[in-house]
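Take a look at the structure below.
Laboratory data are not the source of any read-out in this text; all were calculated from the coordinates shown. Computed from a predicted structure; not experimentally measured. All Cβ positions, even for glycine, are placed from backbone atoms using ideal geometry, and neighbour counts span all protein chains on display.
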Amino acid sequence: MSLQLGFDNSGFLFGRKDAAVTKVLLALDVTSAVVDEAIEQQAELIISHHPLIFHPLKSVTDEKLLKLARHQIGVISMHTNLDIAQGGVNDVLMAALGAEVTGSLDEDGCGRVGILTKAMPMEAFLPFCKSVLETAGLRYYDSGRTVFKLAVMGGSGGDSLETAHRLGCDTYLTADLKYHQFLEAQELGINLIDGDHFCTENLIIPVLARRLRAAFPEMEFILSQRHHQVVRFV
């Protein structure tokens, strides 16, 4: 919790602190489908990356929240603290890409900078990246540079493009990029890849499940089978 950024709302967000837990469902987001899945799986707790409650509530009428209350299912969310933490979202993303981390991308500790074990041309790195992320597609700008010094930020990280360039990176992988950021990449001469918000972050979920199973062997931790990448490509 001490790592979360000021705008964030991570932590134990819903439920009773004294409730017994034997089964936990892990998912990147607490969607309606995930809530229904937790009910069907008889899970007493959902652990998510994105917070169930982000802004202060003025009323509780949302069916998703009411279902959680009726079925006495708690929710713990780990958001920017899991982005920043050692071994968190961005370290897992870098490891999946076969890169050695050399430092953080920004002053808050979000994002990572590192180097690939072997340089790759973009035409080879793109299908490799697509496979690692298990994404339906990539949006990208190819500057013509070989991929070797890489910056990543799982989720929305377009605002750190200039920082990645300033740190000498030839390639930046993040998500939720806007048109002007692709234009900026062209001007800076840096490869830019939008790997999808879900896909650049969901890699942490199975890793988190493995760690929790090792720490709490008496409990059952299951991965959501219903929450997938929402974006599709024609």
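Here's how it looks for E44: its modeled amide H is under 5 Å from those of T22, K23, which are all 5 or more places away or on a different chain. For the pairs K23/K67; K67/K178; K67/K130; K17/K64, note any where the Cα-Cα span goes beyond 28 Å. Violating the 28 Å limit, Cα to Cα: K67/K178; K67/K130. Please identify the longest segment of the chain free of exposed trypsin sites (Lys or Arg not before Pro), where exposed means a DSSP state other than H, G, I, E or B and no more than 16 other Cβ atoms within 10 Å. Longest gap between qualifying sites, sites excluded: 59-144.
Loop-located chymotrypsin sites (Phe, Trp or Tyr not before Pro) across the stretch 166-234 with a Cβ neighbour count of 14 or fewer within 10 Å are F233, with loop assigned by DSSP. Sorting the segments 103-110, 91-98 by their mean number of nearby beta carbons within 10 angstrom, highest to lowest, gives 91-98, 103-110.
Taking square-rooted eigenvalues a ≥ b ≥ c of the alpha carbon gyration tensor, is the stretch 119-176 rounded, prolate or oblate, where a/c under 1.5 means rounded and, failing that, a/b exceeding b/c means prolate? Taking the square roots of the gyration eigenvalues as a ≥ b ≥ c, the stretch 119-176 is oblate. When every alpha-carbon pair in the chain is counted, what percent end up more than 23 Å apart? Roughly 50 percent, rounded to a whole number. The Rg/Rh ratio for the stretch 154-234 is 1.14, where Rg is the radius of gyration of the alpha carbons and Rh is the Kirkwood radius.
When the helices in the chain are scored as -39500 (n - 2.57) per DSSP H run of 4 or longer and the sum is shared across all residues, what 222 nm value do you end up with, to the nearest 500 deg cm²/dmol? Walk me through the numbers on the way to the answer.
Working: 9 runs with 76 residues, N = 234.
Theoretical 222 nm ellipticity from helices: -9000 deg cm²/dmol.
One way to sum up the overall shape of the stretch 11-82 is the equivalent ellipsoid from its Cα gyration tensor, whose semi-axes run 16, 15, 12 Å, largest first. Determine, at each q value in 0.14, 0.16 (inverse angstroms), the log₁₀ of I(q)/I(0) that the Debye formula gives when each Cα of the stretch 86-198 is one equal point scatterer. Per q value, in the given order, log10 I(q)/I(0) is -0.45, -0.61.
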